[in-house]
Every structure is written in C-alpha cells, then in structure tokens.
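Presented below is the structure to which this report refers.
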Amino acid sequence: MGILTSGGDAPGMNAAVRAAVRRGWELGLETMGIRRGYAGLIEGDIVPLTPRDVGGIIEYGGTFLHTARCPAFLTEEGRHKALETIEREGFEALIVIGGEGSLKGARWLAERGGKVVGIPASIDNDIEGTELAVGVDTAVNTVVWALNRIRDTALAHERVFLVEVMGRESGYIALMGGLAGGAEIVLVPEVEVSLEELAQRVSALYRKGKHHSIIVVAEGVTARLGSTGMIADFLRGRTGLEVRVTVLGHLQRGGSPTATDRILASRFGAQAAEDVKAGLFGHMVAWQRGEIVRVPLEKVNRKEVAIDLRLYELVHQLAI
C-alpha cells in the first residue's frame, strides 16, 4: 500500500503514518511512502517504509513524508499521471492523510477505481463526517498557551489585545482556543459582527470594571472587517483604549502533538491499515460519539458550520 500526507500539515500526521506502517507490517502489508503528497504521487517520488523507518517520529509535528499544495492534481492531466503511478508501482491500496481538499482528491481516485482509505487531518476541524480531526487538539492548545502569556501583558498594561488565529472559513480554533483561554470576545467567520458592535462590546466590558480584554479573531473575519491592524485602529478611535495586535500565524501548525492527537492519529492509522487488509475501501476513518467509524468518501465535504454556536454564546456570557 502507498501512504501520503497532503495539504496543510497537522500535528499528529507522523503518528498516523507510523501506526499505519507498523500495523500494516504486522498484517503482512508492504508500505511505500509517497513524498510531498499528490505532487509526489504524480512525479513518482516514492520510498519504502518499514517499522524502523518510522521509529522516533511520533513526537514530532509536521510530516516526515513532507506535504505540498498540488495545483497539477486539479487538472485532468495531473490526475491521470497519478493513476499511472499507482498502476506502475503496483499499489493495491492508498492511504491519504489530509484535510477536506485532500480527501476530495482521494474520492476522485476512488471513483476511477482506486482503492483508497482516508484519514482526516486538519487543524480547522472542518471536515464533514468526523467530530475530530488529527491536529485539532494541538492547535487549540497552542492558542491557549499563547493567550496565557498575552494575558500577563494585557493585565500588566491594562490593554486590549487582538489575537489573530488561523481559520479562513472555520472559526473552530478561535472559538475553542478563546473559550479555554478565557478570551472576552471571539470573532468567527460564521457570525457577523460589525466594527461598531465590537467597539460597543469592548466599552461595555470596561464599564463593568474590566481593565483588560483579549479578543480572538479568526483570520477569515478580516475579509469582512479589514485586517487586525485596521480593527485595532478603529477600536482605538472609538474607545480611546490602548490596543495591541498579535498574529499567531503558522505557530499554530507546528509543535509536538498532544497526547490526544497522538492517540487519535494512532488509532486512525491502525484502522486504515486493517481496512486495507480486509479489502474495505472508498471511505474515511472518522471519530463519532467516542468510536471509530467509516464514512463514505462521497459524503466527505467541508462543514458549512464548523462551530457550536452555543459555545460561541458561552464565551461572551462568561466575559463579565
């Protein structure tokens, strides 16, 4: 079987590869690693993987197989080259680890006769069919780690801090990180809030006796309200408060995966190998109600609303 990691990296991808390779080895499956995702599949950038080759990688973020965005795979020519590689290399199965876009690619291969099993890995947790994806827990904990430190300065200087986190279409990281980190306000793409409403909320908090505020902003919000710098300028003008901006950026993608991510990834990887051995294909292994299930690839899409709006309300109910 071949195995690849595709799209944005997510902490825990290495743990999933490790588990698939080692469980597959136990089951008598030979595994080939495909470097740089679909780009490597198109170009034939492939190496054999044994249990020893994946030793010592469980604690590392990123992916030792590397990953890449692959515009070529969006073309008919590129996709057919990928199919040619699968046939030439004699792959009897393919495990694809990645986000919603990568799993769409897996579905395309499956629709053309490829024997594919998907593993969801996305820090945005925006993949339909699974309650949790590999990398989510680590990313949220990284945001909380950052907020804990930012709050120290916010308290010391009695400032408002705007903290921009990842999430172009999904506010999951912003919401869960903000809730766990004690943020006063969270701005997410799923809920529209005007600059004037935001200024009123901040002013109301200070009238209640607050002397600092942390506002977590999902990056997708900036498409509607302007950059975090522009939002900060507006708040300074409307409230007269001292406002600072911190952009966490790719800090959220890296780092050693949490125990939760290592365990989830290990279970997904092992299950994927077992499904290959059993001849079960055309699905994504997923997490639902505390157990692993199989979700057909044709039902795997981006979640229209990736957040629980009740938790969004809870963040602001607790900011008194």
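Taken together, the values in this text are just the output of simple stated rules run on the coordinates, not laboratory data. These figures come from a predicted structure and were not determined experimentally. In this analysis, Cβ positions are derived from the backbone assuming ideal geometry, glycine residues included, and neighbour counts consider all displayed protein chains.
The overall shape of segment 139-253, judged from the alpha-carbon gyration tensor, is oblate: a/c is not under 1.5, and a/b is no greater than b/c. Remark: segment 289-302, residue by residue, has Karplus-estimated 3J(HN,Hα) of 6, x, 8, 7, 10, 10, 10, x, 4, 5, 9, 8, 9, 7 Hz, where x stands for each Gly or Pro and the curve is 6.51 cos²θ - 1.76 cosθ + 1.60 at θ = phi - 60°.
Taking a ≥ b ≥ c as the square roots of the eigenvalues of the Cα gyration tensor of segment 10-94, is the shape rounded (a/c under 1.5), prolate (a/b larger than b/c) or oblate?
Since a/c reaches 1.5 but b/c is at least a/b, the shape of segment 10-94 is classed as oblate.
Dividing the mean sequence gap of close Cα pairs (under 8 Å, 6+ apart) by how many residues segment 112-165 holds gives a relative contact order of 21 percent.
Of the peptides 164-172, 218-226, the order by per-residue mean of other Cβ atoms within 10 Å, starting with the highest, comes out as 164-172, 218-226.
May I ask what percent, to the nearest 5, of DSSP beta bridges between residues of the chain are antiparallel?
Here the share of antiparallel DSSP bridges comes out near 30 percent.
For segment 304-320 and segment 178-198, write down the distance between their C-alpha centroids in whole Å. Measuring centre to centre over Cα atoms gives 9 Å.
The residue among Ile150, Ser194, Leu225 whose Cα reaches farthest toward the positive pole of the charge dipole of segment 139-253, with charges on the beta-carbon of Lys, Arg, Asp and Glu, is Ile150. Distant-in-sequence amide contacts of Ile292, defined by a placed amide H-H separation under 5 Å and a gap of 5 or more residues or a different chain, comprise nothing.
Centroid-to-centroid, using Cα positions, segment 231-260 and segment 78-155 are 25 Å apart. Whose amide H sits under 5 Å from the amide H of Glu164, counting only residues 5 or more places off or on another chain, with H placed in the peptide plane? Under 5 Å from the amide H of Glu164: Val217, Thr246, Val247, Leu248. Total lysine pairs in the chain at Cα distances under 21 Å, for residues eight or more apart or on different chains: 7. The C-alpha atoms of the chain define a longest principal axis, and helix 228-239 lies at about 20 degrees to it. Each residue of segment 18-32 was assigned a 3J(HN,Hα) from its phi angle through the Karplus curve 6.51 cos²θ - 1.76 cosθ + 1.60 (θ = phi - 60°); the sequence is 4, 5, 5, 5, 6, 5, x, 4, 4, 8, x, 9, 8, 10, 10 Hz, with glycine and proline shown as x. Of the residues Pro257, Pro120, Val96, the one whose Cα sits farthest toward the positive end of the charge dipole of the chain, with +1 on the Cβ of Lys and Arg and -1 on the Cβ of Asp and Glu, is Pro257. Hey, of (i) 1.03; (ii) 0.95; (iii) 1.09, which did the structure itself give for Cα Rg over 2.2 N^0.38 Å when calculated? Evaluating Cα Rg over 2.2 N^0.38 Å on these atoms matches (iii).
Taking the average, over residues, of other Cβ atoms within 10 Å as the packing measure, peptides 80-90, 177-187 rank 177-187, 80-90 from highest down. Taking amide H as placed 1.01 Å from N in the peptide plane, the amide H of Ile127 sits under 5 Å from that of Lys303, each at least 5 places away or on another chain.
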